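What follows is one structure encoded as structure tokens, with my remarks underneath.
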Amino acid sequence: MARIPQAVSSEVSSSTTQFKVPQLRTAKEKMLANYVPIFVMLPLGVVTSDNVLENPSEIEKQLKQLRAAEVDGVMVDVWWGIVEAKGPKEYDWGAYKSLFQLVQKCGLKLQAIMSFHRCGGNVGDIVNIPLPKWILEIGESDPDIFYTDLSGNRDTEYLTIGVDNQPLFAGRTAVEIYTDYMKSFRENMSDLLEAELLTDIEVGLGPAGELRYPSYQQNLGWVFPGIGEFQCYDKYLKAEFEEAAALEGYPEWELPDDAGKYNDKPEATGFFGVDGTFQTEKGKFFLTWYSNKLIEHGDQILDEANRIFLGCKVKLAAKVSGIHWWYKDESHATELTSGYYNLNDRDGYRPIARMLSRHYAILNFTCLEMRNSEQSAEAKSAPEQLVQQVLSAGWREKIEVAGENALPRYDATAYNQMLKNARPNGVNRDGPPKLRMSAITYLRLSDDLLQQNNFTIFKKFVKKMHADLEYCPEPTKYYNPIVPLERSKPKIPIEELLEATKPMKPFPFDPETDMKIDDDGGSASFLGRLIRKVFSIFKW
């Protein structure tokens, strides 16, 4: 079955799919083509580190509140550190099964994240869920299984991609561990998959579940807007780089030693400064290798996920981080340390989108709520242009794009920005809009969100995402059907992936949404002004 386009601009629609939009007769049918489903992230610790569904009666009450607000579904982290905590291949899905059944009982759909990272040490991490103890014990004797910076600091948040294919874990490689976990998930949740409770399986591919390197860890002292550090100095990645450099004919080339420290500014370093190393042949070789490793990592694990969930009525997804600071600097320093080789003359995101396209995977992007005017000038931040670039890259590669806010917001300004990005050229009252995101996930369910004034404005936001229509339980009616997952297409040669680095102008976005939430100047408006004031103080 052909997939339904989320973008039907003249440039995109010609080859996005063979799907033919049915004849739309009524005004409601035409407006439904503009409907964007809304999901809400559940609390990070909804299942405790001891693998217990905490306070199910309270969770049920909150889920029913979301359903009454016409929310389409919820998203939940399914933590590796909880499920496989007792030992290799000793899985305990009981608490998650109970949670999923509760979600089903409340009439909501579900996005499940295969969370292969640690919770704790990132912005917004309010609980601590480490990697499985047996993994950490292996790391005690071989600390190089973790990402490592130039100074030798180890990050125990996620296994280095250098061990993706190293049989260091009771005979298994890291990829085999992730694969076995997803196989067990499918087997244990088969009834709920068959019931079509799950809409997306988002595969965690790095720290915070994002396809990136852990270049800006708070637990190592990073503070915004530091440039972060490269994370490739473990012995496995170091050996891979040395081999790659030798094959290129430069055995004397080594990993960068001039890229500065976590909280430096670009101009303070030899690598990112004016006429810096990043512009030399050696620097370009390193950055290409560093970013390609990340793409290969995502490609390999998504290929396994596709095999596992083949035939299920579910979509795969992968998250890309919204690294908006230093975006207006010539070096794009923090993007580079994170593995996104994105410069003014090189698109670092479209190759990722092209890789995702072979697996029919959704590109999930963050920082949809942010405006340039809310950021400090010294950070040279441009979240609006970054969002525009990344979403355009996804649409050009003919894949679905989804997204979320990076920080909790309860004000009309943030909601209006998300509405604009969901339909960048507004509503089309005669059928599908020119551009449309496939879904928005709101971060996050909390007592603050459910506070009366905040929840009132949130419900307006949901209504506007639904194009002023009532909740629609059938995605086919808004041209976003969930079809049986097809087998991944053939592997894309690296040369073809790199062709996508050629920069192109992003699709034009309207300056404001045409589905704006009315800000009545009341408490929600006051809260929005207060939040923006706090942002300006802390320069986030």
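All of (1) assigned to a helix (DSSP H, G or I); (2) touching a Lys or Arg at 6+ places or on another chain (Cβ under 6 Å); (3) closer than 14 Å to Thr513 by Cβ hold for Lys420 with one exception: (2).
Residues in the stretch 55-65 that are over 26 Å from the mean Cα position of the chain (by Cα) and closer than 13 Å to Ser98 by Cα: 4 in all. Condition test on Thr513, is it assigned to a loop (DSSP other than H, G, I, E, B), touching a residue at least 40 places away in the same chain (Cβ under 8 Å), over 22 Å from the mean Cα position of the chain (by Cα) and buried (at least 16 other Cβ atoms within 10 Å of the Cβ)? In short, yes. Checking each residue in the stretch 253-266 for being surrounded by fewer than 15 Cβ atoms within 10 Å (Cβ to Cβ) and either farther than 11 Å from Phe230 by Cβ or aromatic (Phe, Trp, Tyr) (or both) picks out only Glu254. Looking across Asp430, Asp448, one residue alone is in contact (Cβ under 8 Å) with a residue 12 or more places away in the chain, farther than 20 Å from Glu384 by Cβ, in a helix (DSSP H, G or I) and acidic (Asp, Glu). It is Asp448. One residue stands out among those in the stretch 371-422 that are among the β-branched types (Val, Ile, Thr) and in contact with a helix residue (DSSP H, G or I) (Cβ under 6 Å, 6 or more places away or on another chain): the one that is most open to solvent (accessible area, probe 1.4 Å), which is Thr413. Per this entry, Gly228 is counted among residues that are modelled with pLDDT of 95 or more and within 22 Å of the chain's Cα centre (by Cα).
Just one of Gly162, Gly206 is in contact with a Lys or Arg (Cβ under 7 Å, 6 or more places away or on another chain) and of a type outside the set (S, T, N, Q); which is it?
Working: Gly162 fails: in contact with a Lys or Arg (Cβ under 7 Å, 6 or more places away or on another chain).
Criteria check complete, one pass: Gly206.
Given the structure, is Val71 buried (at least 17 other Cβ atoms within 10 Å of the Cβ) and outside any loop (DSSP other than H, G, I, E, B)? Give the derivation first.
Numbers: buried (at least 17 other Cβ atoms within 10 Å of the Cβ): yes; outside any loop (DSSP other than H, G, I, E, B): no.
Judged against the criteria, Val71 is not a match.
Condition test on Leu237, is it within 30 Å of Lys315 (Cβ to Cβ) and of a type in the set (A, V, I, L, M)? Against the criterion (within 30 Å of Lys315 (Cβ to Cβ) and of a type in the set (A, V, I, L, M)), Leu237 does not qualify. Of all residues in the stretch 451-481, those satisfying the criterion of being within 24 Å of the chain's Cα centre (by Cα), part of a loop (DSSP other than H, G, I, E, B) and buried (at least 18 other Cβ atoms within 10 Å of the Cβ) are His466, Tyr479, Asn480. Report yes if Glu157 is among the charged types (D, E, K, R) and surrounded by fewer than 17 Cβ atoms within 10 Å (Cβ to Cβ), otherwise no. It is false that Glu157 is among the charged types (D, E, K, R) and surrounded by fewer than 17 Cβ atoms within 10 Å (Cβ to Cβ).
Among the residues of the stretch 217-228, the ones that are touching a residue at least 60 places away in the same chain (Cβ under 8 Å) and open to solvent by 10 Å² or more (accessible area, probe 1.4 Å) come to 5 in all. Screening Tyr340 with (1) within 21 Å of the chain's Cα centre (by Cα); (2) more than 21 Å from Val223 (Cβ to Cβ) gives one miss only, at (2).
The values are calculated or read from the model by the stated rules, or taken from the named source; none is laboratory data. Being a predicted model, the structure only gives us computed values, none of them experimental. Note that each Cβ is placed from the backbone with ideal geometry, even for glycine, and that neighbours are counted across all protein chains shown. For the accessible areas, the whole protein counts, side chains as well, though only heavy atoms, and no ligand, DNA or RNA atoms are used. Shrake-Rupley method; radii C 1.70, N 1.55, O 1.52, S 1.80 Å.
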